[in-house]
1. If you take the residues in the range 353-377 that are of a type in the set (A, V, I, L, M, F, W, C) and part of a helix (DSSP H, G or I), which one is farthest from residue 286 (Cα to Cα)?
2. Checking residue 64 against (1) in contact with an Asp or Glu (Cβ under 9 Å, 6 or more places away or on another chain); (2) modelled with pLDDT of 95 or more, which test does it fail?
3. Confirm whether residue 147 is assigned to a loop (DSSP other than H, G, I, E, B) and modelled with pLDDT under 95.
4. I'd like to know if the range 204-211 contains one or more residues that are out of contact with any Cys (no Cβ under 6 Å at 6 or more places or on another chain) and on the phi > 0 side of the Ramachandran plot.
5. How many residues are in a loop (DSSP other than H, G, I, E, B) and surrounded by fewer than 17 Cβ atoms within 10 Å (Cβ to Cβ) if we restrict to the range 379-438?
6. Determine whether the range 22-41 contains at least one residue that is out of contact with any strand residue (DSSP E or B) (no Cβ under 8 Å at 6 or more places or on another chain), within 20 Å of residue 121 (Cα to Cα) and surrounded by 13 or more Cβ atoms within 10 Å (Cβ to Cβ).
7. Within the range 181-193, can you find the residues that are buried (at least 17 other Cβ atoms within 10 Å of the Cβ) and either modelled with pLDDT under 95 or assigned to a helix (DSSP H, G or I) (or both)?
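The values are calculated or read from the model by the stated rules, or taken from the named source; none is laboratory data. On a predicted model such as this, the values are computed, not experimentally measured, just so you know. Cβ coordinates were reconstructed from backbone atoms using ideal geometry, including for glycine residues, and neighbour counts include every protein chain displayed.
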Amino acid sequence: MATLQELRGERLRKLEELRKKNINPYPADSKKTSAIKVISENFDEHAGSEVFLVGRVITLRKIGKIAFIVIKDDSGKIQLFLKDDNIVNADYNHSELNYSDINLLDAGDFIEGSGKVIKTQTGEISIEITKLRILSKSLRPMPTSWDGFTNKEERLRRRYIDLNTNQDVHDRFVRRSKFWQYTREYLIKNDFLEVNVPVLEHTTGGADANPFVTHMDALDQDFYLRISHELPLKRLIGGGYEKVFDIGPRFRNENYTDEHLPEHIAMEWYWAYADWKEGMTFMTEMFRDVAQKTFGTLKFNIRGFEVDLSKEWEILDYGEQIKNRYNIDVFNCTLDDVKKALSDNKLEVEQTDNIARGIDKLWKNLRKTIAGPSWLINTPLLISPLAKIDPLRPMTVERFQPIIAGSELGNGWSELNDPIDQLDRFKEQQELRKDGDKEAMMLDIDFIEMLEYGMPPTCGWGYSERVFWFLEGVTAREGVPFPQLRQEEDNTTKTIYPELYKNNQEG
């Protein structure tokens, strides 16, 4: 079996031969009159018509005076049918090829073919080519089988190959795009205004997370990559807007898991003069709308759970759930009680654990057994320092979280708009940071100033693309096109370009 270097060398030879014929193997222009799928699914409408199609060569067979080339574009595949007497007098200056030049093509090359839509004697929809152009000469072959690129590490590292060789992966990211498109459309339809807020912040907040830090030379100051969209969007509510949202990346300097990535896409909205109950009703319908349009169903099998988003969502009380499972009163317990429950359930007990962090671990352990769809309510105040206190239950906050397939797939709450109360909670978080909790929230005095000018009653909500990963049934890394990986250089590439790695080898 030929090595990659040998295969690449043969393609370089063909590239040089094309150039000797004054054929530009990388022209800037191309012509396309239709997507392949339009032709293949509507043959009767297009039969006999002249079309220009473009795509990547998948297979190429030359049998004497005829040849068959299968090409693939973003919509599908089709066969190009070539006869030696149909492809003559090529304009090499326009990157055209004669029939005799077909041997200079390889699987993986991009070409443009023009001709009539026909059916061959075997009944296959084809294009009878009268002009053929090369658009891009590939120097490395795709994997030997278009269905055989299965090594996970290689797939993630060279996703551009994965997308070509695994159609299900290609289609997944179409659905991912649609998921955010339908999210955006639902919000705009309900009079929300999309406003992009900064990624770089002096002080970052809105979530319990360890931030990334960078330095801005222009101001000679450190900035944080946002861990949430929350505080800038609430500043907009304070500025007079009533319904705002943003969709974009956020960054949390945490470990990789099947459900979390340090960088991911998220959406948050804020709705003035609405409370958590209105938000919960709104999001129940939004989940259904986005899921139905993205996946064409509301019934999912997720990690062994059967989930039906169309049914009535169950309401779960946080304190009752913990009490029933661990026999702990979340509103009247000691740190020793919590640590014992953690230990009894074989959960990690850390030196920096406090009551809130410990109870959160217990809840996450319990949550794994809940299929949903459910709404978790009556969250204890100590768990949620930025939410508004429920006046009927002062030790809880007005927060709602969707529980689906053993996980929380979002967060909603009645926002705290009392500047004095908010400052007190920020101070409590600062003490936690001093005690070693790097994920506790930072004090944002500018946000306190905004609240002192006044912010109306507001409901806020946020979810990340983890919702998509769950409904799609994939892990976090499989759910994004280009997950971060430890940088590695391919040994074949080092062999091909030794001059680029000479210093490293000498070191």
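1. Per the criteria, the residue is 355.
2. Residue 64 satisfies all of (1) in contact with an Asp or Glu (Cβ under 9 Å, 6 or more places away or on another chain); (2) modelled with pLDDT of 95 or more except (2).
3. yes
4. Going through the range 204-211, the residues out of contact with any Cys (no Cβ under 6 Å at 6 or more places or on another chain) turn out to be 204-211.
Now restrict to residues that are on the phi > 0 side of the Ramachandran plot: 206.
Yes, the range 204-211 contains at least one residue that is out of contact with any Cys (no Cβ under 6 Å at 6 or more places or on another chain) and on the phi > 0 side of the Ramachandran plot.
5. Initially, the range 379-438 is screened for residues in a loop (DSSP other than H, G, I, E, B), giving 384-386, 388, 391-392, 398, 405-406, 409-410, 416-418, 435-438.
Subsequent filtering for residues that are surrounded by fewer than 17 Cβ atoms within 10 Å (Cβ to Cβ) retains 391-392, 418, 435-436, 438.
The number of residues fulfilling the criteria is 6.
6. Within the range 22-41, one or more residues are out of contact with any strand residue (DSSP E or B) (no Cβ under 8 Å at 6 or more places or on another chain), within 20 Å of residue 121 (Cα to Cα) and surrounded by 13 or more Cβ atoms within 10 Å (Cβ to Cβ).
7. Listed by number, the residues that qualify are 182, 183, 186, 187.
A quick yes/no check of all residues on (1) surrounded by 13 or more Cβ atoms within 10 Å (Cβ to Cβ); (2) without any contact (Cβ under 8 Å) to a residue 12 or more places away in the chain; (3) more than 24 Å from residue 39 (Cβ to Cβ); (4) not assigned by TED's automatic domain parsing to the domain that holds residue 50:
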{"residue": "80", "(1), (2), (3), (4)": "yes, no, no, no"}
{"residue": "90", "(1), (2), (3), (4)": "yes, no, no, no"}
{"residue": "122", "(1), (2), (3), (4)": "no, yes, no, no"}
{"residue": "126", "(1), (2), (3), (4)": "yes, no, no, no"}
{"residue": "143", "(1), (2), (3), (4)": "yes, no, yes, yes"}
{"residue": "152", "(1), (2), (3), (4)": "no, yes, yes, yes"}
